[in-house]
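The values are calculated or read from the model by the stated rules, or taken from the named source; none is laboratory data. For clarity, every value in this text was computed on a predicted model and none was experimentally measured. Positions of Cβ are backbone-derived with ideal geometry, glycine not excepted, and every protein chain shown enters the neighbour counts. Just so you know, the surface numbers come from the protein's heavy atoms only, side chains and all, with ligands and any DNA or RNA stripped out. Shrake-Rupley method; radii C 1.70, N 1.55, O 1.52, S 1.80 Å.
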Amino acid sequence: MIAKEQTKIVNRNTGQSELKYRMTKILKVNFAKDALTTIMNATWWQMSVLVSLSYILSWLIFGCLWYAENRRSHYNCLANVTDFSSAFLFSVETQSTLGFGGKHVFSSCIVGSALLVIQTLYGTVTKAVFNGLLYAWYASPRNRRHTVLFSSRAVVCERNGARVFQFQVGNMRHDSIVECHVRLQLYFPRLVDGMYQLEQFDLDVGYSNGRDRLFLLTPVVITHHITPGSPLYNLSPRDMAEMDFEIVVVLEGAVEATGLTAQALWSYTKDDVVFDHTFVSVVTTTGKENVWRTDFSHFERLQPNIVE
């Protein structure tokens, strides 16, 4: 019998939530009002399609208006514009301010002069809006999470006579993440009245004493102490191996180069937890060289936990 794969909340590959939302009409309206966030979350090809279609559609619409007005005025509004193709090119040249060449608007054409002003203003505003959007989209720190490493496995072991839950996080770049902090949330399904509901609990990683604040100059092992107040306290290794839980890690901080806040998501399920092991230190020195080295090739290595 093949075991059913556990439904996950966080996708490790994308670093995004896998939750699906069922929208109501009111929520859809509110979602549409927040169109800027939707655009900022677009992929590069979605952004390329959006910008390209916006310009092409506006050129076509104004091209149709130029062609219609020139025909209505019996071709006495635009010089050297005799068909839709030349009207479309005139629309592109007007909105892009490329220069008309032999095409121009006769001063006697009042509608054409008004249309020229409207399209010029529209092109100026559109260019300013898209320049701002593209800069903000390109400068967005969402790709910073790709250079923040989380260990693929977490461990449960004994430290100073108490059980702890640990995982490792590291920064691949030399520039630091300012005001970096981490939070842990435990999710697990509970059957209520024939329907599964998602329960959520906070796992303390030192919020009261500042241990949740990280300085990622070197890889750091994050520790949650399984005390009587922890949701994991009454769970044995066998219980954790049979329980469909997911521990979601949220790491946040400001990117040093831009000052913008970046967020990285990761998660651990029962299949990712190793018992009675610890992480191997990745920061070492030979003693012959006056330098410390971080060896990320050992980032995933574990060793048996030795209890003294």
It is to be established whether one or more residues within region 211-221 are without any contact (Cβ under 8 Å) to a residue 40 or more places away in the chain, of a type in the set (D, E) and touching a Lys or Arg at 6+ places or on another chain (Cβ under 8 Å). yes
Residues (part of a strand (DSSP E or B) and either open to solvent by 40 Å² or more (accessible area, probe 1.4 Å) or among the polar types (S, T, N, Q) (or both)) located in region 163-177: R163, Q166, Q168, N171
Could you list all residues from region 48-62 that are aromatic (F, W, Y) and either over 20 Å from S86 (Cα atoms) or free of Cβ contacts under 8 Å to residues at least 40 places away in the same chain (or both)? W59
Identify the residue in region 33-52 that is under 17 Å from N131 (Cβ atoms) and aliphatic (A, V, I, L, M) and, among all such residues, is farthest from the chain's Cα centre (by Cα). V51
Of all residues in region 83-120 being of a type in the set (V, I, T) and more than 41 Å from the chain's Cα centre (by Cα), the one that is surrounded by the most Cβ atoms within 10 Å (Cβ to Cβ): V105
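One line per residue, one yes/no per condition, for (1) closer than 16 Å to L235 by Cβ; (2) open to solvent by less than 100 Å² (accessible area, probe 1.4 Å):
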site	(1), (2)
E179	no, no
L184	yes, yes
Y187	yes, yes
D193	no, no
G206	no, yes
R211	no, no
Give me the pairs, please: first residue somewhere in region 101-122 and free of Cβ contacts under 8 Å to residues at least 60 places away in the same chain and under 16 Å from F88 (Cα atoms), second residue anywhere and of a type in the set (G, A, S) and not in a helix (DSSP H, G or I), beta-carbon distance under 9 Å, and either six or more positions apart or on two chains. G102/A79; K103/A79; H104/A79; V105/A79; G112/S73
Mind checking which residues of region 38-47 are assigned to a helix (DSSP H, G or I) and in contact (Cβ under 8 Å) with a residue 40 or more places away in the chain? I39, M40, M47
V307 vs. criteria modelled with pLDDT under 90 and either in a loop (DSSP other than H, G, I, E, B) or within 30 Å of L19 (Cα to Cα) (or both): yes
